[in-house]
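Chemist: To start, I am sharing the structure in question, which I have written as structure tokens.
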Amino acid sequence: MSQPSSELMIEARAVEKWYPNGFQALRGANLTVRRGEVVVIMGPSGSGKSTFIRTFNALEDFQKGSITVDGIVLSNDLRNIDAVRREVGMVFQQFNLFPHLSVLDNLTLAPVLVRKRPKAEVEQQAWALLERVGIAEQAGKYPGQLSGGQQQRVAIARALCMEPRILLFDEPTSSLDPEMVREVLEVMQNLAAEEITMVVVTHEVKFARHVAHRVVLMADGEVVEEAEPEVFFTNPSHQRTRRFLDQIL
Amino acid sequence: MKHLLRRLRAELFATRADAALSLVLISLISLGAIGFLRWAFTQAQWAVVKVNSTLFAVGRYPVEQQWRLWLLTALLIAASGATWGLIRAHPRPDRTGVLWPRNDRLAVVLLSLIALALPLALDLSLAIAGRWWGLTVLLVVCRWLAGRFGARLSPAGQRLAALVWPVLYLVGMVLISGGLGLVTVSPSEWGGLMLTLLASSFAILLCFPIGVLLALGRRSDLPLLRWGSVLYIEFIRGAPLITLLFLGQNILGFLLPGGLAPDRIWRAAWVLTFFAAAYLAEAVRSGLAAVPRGQLEAARSLGLSYPKALQHVVLPQALRVALPAIVGQFISLLQDTTLLSLIGLLELLGTARTVMANPAFLGRNGEVYLTLALLFWGCCAALGLGSRALERRLDPHALPSAT
């Protein structure tokens, strides 16, 4: 496992968010992620973990606190938001592949449009990425023709094709059939061995134990516990964490 | 023969009830058909259509300038043939079924037969019939040429080739109205099928972008834009087209300074456009609603700006979903042009009414209306066929899911 550097990639301080209906999803959540680090966020449903990581690339706004991503302060400035999104890739629970584009075009769309790179060059990179996630032979197909596990691997390759410095995973295996979970986790595990910074919201205990540098428990819109996996799963310091682990283990 | 009998039996006479129903229906249909044929061949006097065929086609367009319309028709047909050939030269790689080359040739033969027989059946003069035959040959030749050499065209070349159509539209405008060295033919002299197609194509082309913008406006986060779009759409949808047409004739003249007030025909065409745009916006909105929110989020999280995400991710999917509804709108728009006759414009129906008012053709309403119905049906059927072909070409879900 590569060791994270001391450089801060994500710094979220006392983030509070209310939804328009008045519900407060985040109540002063704190998190720092260093470069190369793999952080797993766990927690009961409704604890705000998805909302939290969605604030990191401005898919959700927030009302109080501050978030700095890769040195860019997230504010209402649209230019900042675009800059952050170029550096942060995201993998969704529902894959969200573009169904009207072939697998290859799913990968090349953003680098060509956003980074203005020549199409031929991006395609070469896309082939290499598809090879890496083990689905190069599906490049010409449409997402609807692939299994869930294959689609999620394409989604990871699509995010990687933008060469992000941070990858966010929002429950990447939660809508997969059980037999497909492993192929996706393997891809993620291989990624974790590289330089890339990862923040993963997941319920996969094995992944958290063996791949994460740090495991975080969120409950009621707050970060309750933050510890190395070994400590987190065997000797957590908070009652709340123990209760959560009792329920899932 | 035996096979046919067996099939008939299975499909029409499987049970007693089936057989009874089939017999009743068959006799009703036969009665209707016999009655119609007897009328068409014994009582009907088709002279009213033959004598006035030019009037139905182009209205009172000056005879000495009609060569321009023939030229335009020839250009349109050449472009259609070339487009047809190009599409055939670039089938979707997953769609090279066994049937299409044969069906395609069948279509050519059928079309040629109709084009050969129709001028004869209508008893057109040899000069006119000859032109139609020439145009048919042009269509077939262009299709063949494009099919033969079009495969070499790169995607960029294909996009360039598609530009022929908008250019042709502008050329057509000049040919019809004059200018650039051609004698001006004032819109008051336009009429017949030409005016119908002109007004409806104008409205179809312009209502599309306006409708898409209205649909986006209705979903916008900016309250002013949203409420403006809602107000516009609901107002237009709540008013009958005919009142809007009369309104347009009356107030567009006041709204715009004297010289700029468009001619009556253009006023009507703009009213049609704005009317259709409101309905189109609702069709597009239903398409937008069918695209999951995650699509926009995925596009945005990849760094695409909002307009780029719309253009490349959301709209292609939304328009694909809305396509049948959109084409349905286009078809009713085409039919709505008949209302122009009520504000005194001589489009197809208006022309027909002047013909029927002529004492020489008294009582020939059946022949005239039937011809009109067939002409409209032909245009609408063409739109419908085109839309279905487009749907098939665009639908990635219809792909065979071979692994």
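The values are calculated or read from the model by the stated rules, or taken from the named source; none is laboratory data. Because the structure is a prediction, the values reported are computed rather than measured. Here the Cβ is made from the backbone with ideal geometry for all residues, glycine too, and neighbour counts use every protein chain on show.
Chemist: Checking the structure you have, find out if any residue of region B:66-79 is of a type in the set (Lys, Arg) and within 30 Å of B:LEU182 (Cα to Cα).
Modeler: The answer is yes; a qualifying residue exists.
Chemist: How many residues, within region A:111-120, are more than 7 Å from chain B (Cβ to nearest Cβ) and without any contact (Cβ under 8 Å) to a residue 40 or more places away in the chain?
Modeler: Counting residues in region A:111-120 that are more than 7 Å from chain B (Cβ to nearest Cβ) and without any contact (Cβ under 8 Å) to a residue 40 or more places away in the chain gives 6.
Table: residues versus (1) surrounded by 13 or more Cβ atoms within 10 Å (Cβ to Cβ); (2) aromatic (Phe, Trp, Tyr); (3) more than 20 Å from B:PRO324 (Cα to Cα).
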residue	(1), (2), (3)
B:GLY178	yes, no, yes
B:TRP190	yes, yes, yes
B:SER201	yes, no, no
B:ILE204	yes, no, no
B:LEU214	yes, no, no
B:ARG226	yes, no, yes
B:LEU244	yes, no, yes
B:PHE275	yes, yes, no
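Chemist: For A:ALA29, all conditions in the list (1) within 14 Å of chain B (Cβ to nearest Cβ); (2) in contact with a helix residue (DSSP H, G or I) (Cβ under 6 Å, 6 or more places away or on another chain) hold save one; what is the number of the exception?
Modeler: (1)
Chemist: Further, regarding this structure: Taking B:PRO166, is it part of a helix (DSSP H, G or I), outside the structural domain of B:ALA269 (by TED's automatic domain parsing), exposed (fewer than 14 other Cβ atoms within 10 Å of the Cβ) and out of contact with any Asp or Glu (no Cβ under 8 Å at 6 or more places or on another chain)? Walk me through how you get there before you give the answer.
Modeler: Numbers: part of a helix (DSSP H, G or I): yes; outside the structural domain of B:ALA269 (by TED's automatic domain parsing): yes; exposed (fewer than 14 other Cβ atoms within 10 Å of the Cβ): yes; out of contact with any Asp or Glu (no Cβ under 8 Å at 6 or more places or on another chain): yes.
The answer is yes for B:PRO166.
Chemist: Of all residues in region B:337-373, which are surrounded by fewer than 16 Cβ atoms within 10 Å (Cβ to Cβ) and modelled with pLDDT of 90 or more?
Modeler: B:TYR369, B:ALA373
Chemist: A further question follows. Take the residues in region A:80-110 that are within 7 Å of chain B (Cβ to nearest Cβ) and part of a loop (DSSP other than H, G, I, E, B); name whichever of them is surrounded by the fewest Cβ atoms within 10 Å (Cβ to Cβ).
Modeler: Per the stated criteria, the residue is A:GLN94.
Chemist: Moving on. With the requirement that a residue be farther than 24 Å from B:SER305 by Cα and in a helix (DSSP H, G or I), what does region A:130-150 give you?
Modeler: Those that are farther than 24 Å from B:SER305 by Cα and in a helix (DSSP H, G or I): A:LEU130, A:GLU131, A:ARG132, A:ALA136, A:GLU137, A:GLN138, A:GLY144, A:GLN145, A:GLY148, A:GLY149, A:GLN150.
Chemist: What's the number of the condition A:ARG158 fails, among (1) of a type in the set (Lys, Arg); (2) in contact (Cβ under 8 Å) with a residue 60 or more places away in the chain; (3) more than 11 Å from every other protein chain (Cβ to nearest Cβ)?
Modeler: Among (1) of a type in the set (Lys, Arg); (2) in contact (Cβ under 8 Å) with a residue 60 or more places away in the chain; (3) more than 11 Å from every other protein chain (Cβ to nearest Cβ), A:ARG158 violates only (3).
Chemist: Only one of these is within 30 Å of A:GLU87 (Cα to Cα), surrounded by fewer than 15 Cβ atoms within 10 Å (Cβ to Cβ) and small (Gly, Ala, Ser): B:ALA318, B:ALA289. Name it.
Modeler: After applying the criteria, what remains is B:ALA289.
Chemist: Further question on the same structure: Name the residue, out of B:LEU260, B:LEU334, B:LEU256, B:LEU302, that is under 30 Å from A:GLU60 (Cα atoms) and either at pLDDT 90 or above or surrounded by fewer than 23 Cβ atoms within 10 Å (Cβ to Cβ) (or both).
Modeler: None of the other options fit; the residue is B:LEU302.
Chemist: Given (1) within 14 Å of another protein chain (Cβ to nearest Cβ); (2) surrounded by fewer than 17 Cβ atoms within 10 Å (Cβ to Cβ); (3) without any contact (Cβ under 8 Å) to a residue 12 or more places away in the chain, identify the lone condition not met by A:GLN124.
Modeler: (1)
Listed here are the residues, each with its yes/no results for (1) out of contact with any helix residue (DSSP H, G or I) (no Cβ under 9 Å at 6 or more places or on another chain); (2) farther than 21 Å from A:PHE52 by Cα; (3) in contact (Cβ under 8 Å) with a residue 24 or more places away in the chain; (4) of a type in the set (Phe, Trp, Tyr).
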| residue | (1), (2), (3), (4) |
| --- | --- |
| A:HIS213 | no, no, yes, no |
| A:VAL216 | no, no, yes, no |
| A:GLU222 | yes, no, yes, no |
| A:GLU225 | no, no, no, no |
| A:ARG240 | yes, no, no, no |
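Chemist: Could I ask something else about it? Which of the residues belonging to region B:131-163 are outside any helix (DSSP H, G or I) and buried (at least 16 other Cβ atoms within 10 Å of the Cβ)?
Modeler: B:LEU153
Chemist: Are there any pairs with C-beta distances below 9 angstrom linking a residue in region B:3-18 that is surrounded by 10 or more Cβ atoms within 10 Å (Cβ to Cβ) to a residue that is hydroxyl-bearing (Ser, Thr, Tyr), with the two at least 6 apart or on different chains, and if so which?
Modeler: Listed by first residue and then by second, the contacts come to B:GLU11/B:SER22; B:LEU12/B:SER22; B:PHE13/B:SER22.
Chemist: If I filter region A:28-42 for residues that are among the aliphatic types (A, V, I, L, M) and within 12 Å of A:GLY65 (Cα to Cα), do I get at least one hit?
Modeler: Yes - at least one qualifying residue is present in region A:28-42.
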